[in-house]
Amino acid sequence: MPSAPETASTTALIAVADLRKTYDMGGEQVHALAGVTLEITRGDFVAVMGPSGSGKSTFMNLVGCLDRPTSGSYLLDGIDVSSLNRDARAEARNKKIGFVFQGFNLLTRTSARENVELPLAYAGVKARERALRATKALDHVGLASRAGHHPNQMSGGQQQRVAIARALVTNAPLILADEPTGNLDSKTSEEVMELLCRLNQERGVTIVLVTHEPDIADFACRLISFRDGKVEVDRRNEKRRAVRPLPIAAAAGASS
């Protein structure tokens, strides 16, 4: 395996060096990523933006261990995953990454708790512990009372909170959120983003978020913009949106 990049710091959860991805499209070489080097430290909250075809989705697929780079290295929590085979990538993905998608990706005929349990089932965790951990994760997102409900009995915002609980249940250090507010109205979008901010600030979960919406990106601490397979902008967000404090009753419930 390639050795760790010399520039990778000990606090980096994600460290990519000269990451490249090339696709053969009808005999033509398309460079989806053209040499990306960056680090994302533990506890950071990063918004990834860029127009269609900019490379941001390819970058997220590689960071999510859903694909392998053509060349370059990728360290995830100190593990060089850039050359792992499919099974090893799946294991790293299950242990290190929680996913939140635009379409929620919940099983419709399964309760909220059972949906949250799924990553634990794949990891071979016993049923009793799965149920306990899933209930605790639902409590963290304010949905413990809805654990037995099916997705079609929930609002879009509640379904997305179930998806966030599913991402949390393995205690993975990283959440990758792909357009998590894309199917939600403005008010619900803010509620979901405030929840992600609290998980980042209070639990130290590292969050990498893909979005097309500048007002959603404003919740992040750092803004990265892709164009033509390269990083065009990488800067701290000096005008990060403040998160409203939890109501007293909600805060008490979250701590119980």
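Restricting to helices (runs of 4 or more DSSP H) lying wholly in the range 103-178: which have 3 or more residues that are closer than 24 Å to Cys65 by Cα and over 17 Å from the mean Cα position of the chain (by Cα)?
On the way: elements: 112-122, 127-140, 156-168.
Because the criterion is at least 3 residues that are closer than 24 Å to Cys65 by Cα and over 17 Å from the mean Cα position of the chain (by Cα), the helices (runs of 4 or more DSSP H) in the range 103-178 that meet it are 112-122.
Scanning the range 63-78 for residues that are surrounded by 16 or more Cβ atoms within 10 Å (Cβ to Cβ), charged (D, E, K, R) and at negative phi yields a total of 1.
Results for (1) assigned to a loop (DSSP other than H, G, I, E, B); (2) at pLDDT below 95; (3) within 23 Å of Asn200 (Cβ to Cβ), shown as yes or no for each residue.
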site	(1), (2), (3)
Pro2	yes, yes, no
Thr7	yes, yes, no
His31	no, yes, no
Val46	no, no, yes
Arg68	yes, yes, no
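Looking only at the range 14-43, residues that are under 10 Å from Gly72 (Cβ atoms), within 20 Å of the chain's Cα centre (by Cα) and surrounded by fewer than 21 Cβ atoms within 10 Å (Cβ to Cβ) come to 1 in all. Of the residues making up the range 216-224, at least one is assigned to a loop (DSSP other than H, G, I, E, B) and surrounded by fewer than 23 Cβ atoms within 10 Å (Cβ to Cβ). Say we look at the range 93-124 and pick out the residues that are surrounded by 18 or more Cβ atoms within 10 Å (Cβ to Cβ) and small (Gly, Ala, Ser); which of these is farthest from Val63 (Cα to Cα)? Here the answer is Ser111.
So is Asn200 part of a helix (DSSP H, G or I), in contact (Cβ under 8 Å) with a residue 12 or more places away in the chain and within 19 Å of Phe99 (Cβ to Cβ) or not? Yes, satisfied.
For every residue, the table says whether it meets (1) over 17 Å from Val141 (Cβ atoms); (2) surrounded by 23 or more Cβ atoms within 10 Å (Cβ to Cβ).
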residue	(1), (2)
Asp178	yes, no
Ser186	yes, no
Gln201	no, no
Gly204	no, no
Val208	yes, yes
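When Arg128, Arg89, Arg68, Arg113 are checked against the criterion of being touching a helix residue (DSSP H, G or I) at 6+ places or on another chain (Cβ under 6 Å) and not hydrophobic (A, V, I, L, M, F, W, C), Arg113 stands alone in meeting it. Of the candidates Ala92, Ala17, Ala47, the single residue that is aliphatic (A, V, I, L, M), touching a residue at least 24 places away in the same chain (Cβ under 8 Å) and farther than 23 Å from Arg222 by Cβ is Ala92.
The values are calculated or read from the model by the stated rules, or taken from the named source; none is laboratory data. Everything numeric here is computed off the predicted structure, so don't read it as measured data. Reconstructed Cβ throughout: ideal geometry from the backbone, glycine too, with neighbour counts over all protein chains shown.
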